[in-house]
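Take a look at the structure set out below.
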Amino acid sequence: MKTALNTVEIYTCFCVWTSANLYSLFKLIEAQSEVIKGTSGGILTIRDLRPGWSFIQRHRDVSDVEWNSWKYFIYSSLGYMMFQFIISEVIRRLSLPMLKYWYILSSTIFIVYKMGVRQMVVVLIQPILYGAIIYIGGNKQCIWFISLLLLGGYNSLKYKQFFWNYLEHEEIQDEEIYLILFSVAWIELRCISYCIDYIERRDKDEIYRISFWYDIINMLSYILYLPLLYTGPVILYAEFEKSLNIKGGPLWLRLKQFFCDMLVYKLYTFILDFALHYIYFFAMQDNMELIRKLPTIALCGGGLWMGLEFHMKYVISYGTTTAFAKLDNIETPPMPRCIVRVHIYSQMWRYFDVGLYRFLVKYIYKPGLAIISKSIKLPKIVYKLLASLATFVFIFMWHGTIQHIFVWSILNYIGITLEHIGKELSKHEKYNWFKTNVLKTEKMEACLIALLCTPLLALSAISNFYLFAGSDVGDLFFECFLHPSLWNSLLICISLYCCCHVSMALVDMPSRSGRKTVKTYDSCLY
């Protein structure tokens with residue numbers, strides 16, 4: 001629900017929440033300096049710290065593999081993607097049907113020339129397998145069977161040396177290895193999106209018979225589209241297909257928006273890299289004893305920093321690549337909402353990675369809900385929770401079948417379940433009586449909801465720490481959560497309570513690029 005607090009109360013909550021964030025970050029920077037200075041060898045003992053910008057004369061945290069790899073891809077491909085767009089625009093205006101062929105050709109040239117032939121082989125394996133399935137008349141069950149099989153195989157190989165040995169690691173940079181690992185996961189989502197859409201069209205129209213070559217061109221142009229190949233976000237095939245039918249359009253407006261976006265994301269990149277010269281929380285995780293020496297408030301600052309850094313790198317990466325997609329008239333998902341203005345699980349899933357959310361709901365949750373409801377007779381809420389469980393099983397397999405991802409997935413599912421049960425209880429007659437006779441006003445109800453959401457927000461934060469940093473750091477936060485001091489508990493609870501009110505007040509305010517309403521669904525992920 002939206003908050004019913006007045007303006008003064010909302011601004012008070014905003015100031016308290018903002019002050020708590022800034023204070024925890026300040027304590028983190030202060031405490032990390034003391035811990036590092038008190039360690040034998042000092043800053044030299046942390047291997048993921050490298051000499052930073054010369055005008056700052058400080059070391060920089062380089063431990064985030066995703067950020068380093070995505071930044072490498074963006075900088076190394078920026079000029080080429082601009083060249084690809086220029087040719088695309090000419091083809092779009094002269095011979096629109098040829099555009100798909102250009103997407104395939106230009107991506108192939110980039111991968112082979114920049115990354116190598118072996119990377120091209122890895123990129124093409126999945127499209128070939130999925131193409132073979134639809135060629136022989138496979139159904140959705142076949143698509144999901146091969147998808148889970150591929151995920152299982154990929155997760156087994158990526159934690160070993162297979163890809164490193166196959167791609168001849170000595171001859172290429174680490175970032176190129178990580179990029180191909182990331183691309184395999186994104187390619188699978190696009191393969192699933194294309195194949196299921198194709199099968200649905202084929203099943204609805206018995207006369208739907210187009211040449212296999214035409215289908216392969218459609219699939220490859222979508223899957224190999226360069227701006228989204230390595231970093232995402234996922235754009236459903238139906239949205240990509242629309243762009244192939246748009247001829248021309250207001251070029252100057254698109255270019256103006258593109259250069260404004262690129263300027264903003266360049267500024268964000270500078271801010272994030274600047275912050276990494278002062279906050280070493282990720283690099284310190286190589287030695288958990290250093291993390292354990294941090295006081296609780298500084299540790300909270302570390303948790304906040306992990307979330308902010310995670311948000312910033314996705315905004316920069318998604319924003320830069322979708323800026324190119326917008327040039328090609330592709331409708332892109334809104335950018336991730338800032339994590340410090342989200343207080344419940346459903347909003348995090350709906351608004352952080354909107355493209356992934358749409359994929360999960362369209363291809364897993366809604367079909368799963370339909371199948372379960374037809375197969376067995378159960379209460380409606382059980383249908384939703386079972387469909388949601390199937391969705392989280394896929395999320396776990398897609399992100400990686402390792403312990404800390406499993407814990408993160410389980411905690412997220414528990415949080416979604418608790419939230420959904422709470423929403424169902426709020427529809428009950430007894431709650432309506434309680435609201436009318438005890439709470440009496442909307443403001444009191446908003447305060448009660450914020451109070452109830454406070455521990456759920458704490459659980460949400462800790463669950464994400466497993467995703468950001470792994471089991472050791474996540475377990476450490478749980479230890480602090482289970483054995484808190486009175487003062488720290490009071491400070492954290494008040495801060496999180498204020499965050500809930502701020503989040504409720506801003507629930508209808510979109511992200512910078514999310515001016516369009518995000519389509520939502522009646523689901524346990526909404």
Calculate log10 I(q)/I(0) of the stretch 213-277 for q = 0.17, 0.26 Å⁻¹, where I(q) comes from the Debye formula with a single equal point scatterer on each Cα and nothing for solvent.
-0.85, -1.15
For the stretch 442-515, what is the convex hull (Cα atoms) projected area averaged across all directions, in square nanometres?
6.4
Per-residue HN-Hα couplings for the stretch 59-73, Karplus 6.51 cos²θ - 1.76 cosθ + 1.60 at θ = phi - 60°, whole Hz, x for Gly and Pro?
6, 10, 6, 10, 7, 7, 5, 4, 5, 4, 6, 5, 5, 4, 5
Compute log10 of I(q)/I(0) for the stretch 374-523 with the Debye formula, placing one identical point scatterer on every Cα and leaving out solvent, at q = 0.10, 0.13, 0.20 Å⁻¹, to two decimals.
-0.49, -0.83, -1.38
Of the heavy-atom accessible surface of the stretch 359-469 (probe 1.4 angstrom), what whole percent is carbon and sulfur?
70
On the Cα set of the chain, report Rg and Dmax in Å, please.
24.3, 75
Normalised convex hull volume, the stretch 138-205, alpha-carbon set, Å³ per residue:
80
For the stretch 107-232, what are the per-bin percents of Cα-Cα distances with bins 5 Å wide, up to the bin holding the maximum?
2, 10, 21, 22, 18, 13, 8, 4, 2, 1, 0
Summarise the long-distance tail of P(r) for the stretch 337-382 by giving the % of C-alpha pairs beyond 13 Å.
63
Can you work out D for the stretch 248-346 in µm² s⁻¹ from Stokes-Einstein, where Rh is the Kirkwood radius over C-alpha pairs, the temperature is 37 °C and the viscosity is 0.692 mPa s?
207
Check: C-alpha center the stretch 379-420 vs C-alpha center the stretch 307-337, spacing in Å is 25
Amide H proximity to residue 60 below 5 Å, modelled H, separation 5+ or other chain, gives 50, 52
Per residue of the stretch 216-229, what does 6.51 cos²θ - 1.76 cosθ + 1.60 with θ = phi - 60° give for ³J(HN,Hα)? Whole Hz please, x for Gly and Pro, Karplus curve as stated.
5, 4, 4, 5, 5, 5, 6, 6, 8, 3, 4, x, 9, 5
Determine, for each peptide in 114-122, 235-243, the mean count of other beta carbons within 10 angstrom over its residues, then list the peptides with the highest first.
235-243, 114-122
Under Karplus coefficients 6.51, -1.76 and 1.60, residue-wise ³J(HN,Hα) of the stretch 43-48 in Hz, glycine/proline x:
5, 5, 7, 9, 6, 8
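The values are calculated or read from the model by the stated rules, or taken from the named source; none is laboratory data. Quantities reported herein were computed from a predicted structural model and do not represent experimental measurements. Quick reminder, even Gly has a Cβ in these numbers, built from the backbone with ideal geometry, and neighbours come from all protein chains shown. Surface accessibility is based on the protein's heavy atoms, side chains included, excluding ligands, DNA and RNA. Shrake-Rupley method; radii C 1.70, N 1.55, O 1.52, S 1.80 Å.
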